[in-house]
Amino acid sequence: MKAIVTVVGYDTVGILAKVSAVCAANNANIIDVTQSVLKEMFTMVMLIDISELTDDFASLQQALFTLGDQIGMKIHVMHEDIFNSMHHI
């Protein structure tokens, strides 16, 4: 199983490291990542493998949401089934 993580906000040092640390602490493996900085705005999309999480998916979502609040970013985590359903005609 996979999930999509999106991160948006003002660029600062260490965003990728902090998000990656939360993923690692929850045993979510990062499969792919893309990031971009447009002027001072940072955007990142990650594809993560959640098949071996140490806790449930909701705990990972909450941990990343809390991190977003701490660093002034909007972090959203969506299960791939939801993502696929939203983008299927």
Among (1) within 18 Å of residue 71 (Cα to Cα); (2) touching a residue at least 12 places away in the same chain (Cβ under 8 Å) - the single one residue 20 does not satisfy: (2)
Any chance residue 4 is touching a residue at least 24 places away in the same chain (Cβ under 8 Å) and out of contact with any helix residue (DSSP H, G or I) (no Cβ under 6 Å at 6 or more places or on another chain): no
Restrict the check to region 9-32 and report whether at least one residue is modelled with pLDDT under 95, of a type in the set (Lys, Arg) and either closer than 15 Å to residue 80 by Cβ or open to solvent by 80 Å² or more (accessible area, probe 1.4 Å) (or both). no
All conditions in (1) modelled with pLDDT of 95 or more; (2) part of a helix (DSSP H, G or I); (3) surrounded by 14 or more Cβ atoms within 10 Å (Cβ to Cβ) are true of residue 83 except (1)
Out of all the residues in region 44-80, which are farther than 14 Å from residue 3 by Cβ, under 11 Å from the mean Cα position of the chain (by Cα) and either open to solvent by 80 Å² or more (accessible area, probe 1.4 Å) or among the β-branched types (Val, Ile, Thr) (or both)? 74
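The values are calculated or read from the model by the stated rules, or taken from the named source; none is laboratory data. Predicted, not measured: the structure shown is a model, and the values here were computed from it. A quick note on method: Cβ atoms are made from the backbone with ideal geometry, for glycine too, and the neighbour counts reach across all protein chains shown. Calculation scope for accessible area: heavy atoms of the full protein, side chains included, ligands and nucleic acids excluded. Shrake-Rupley method; radii C 1.70, N 1.55, O 1.52, S 1.80 Å.
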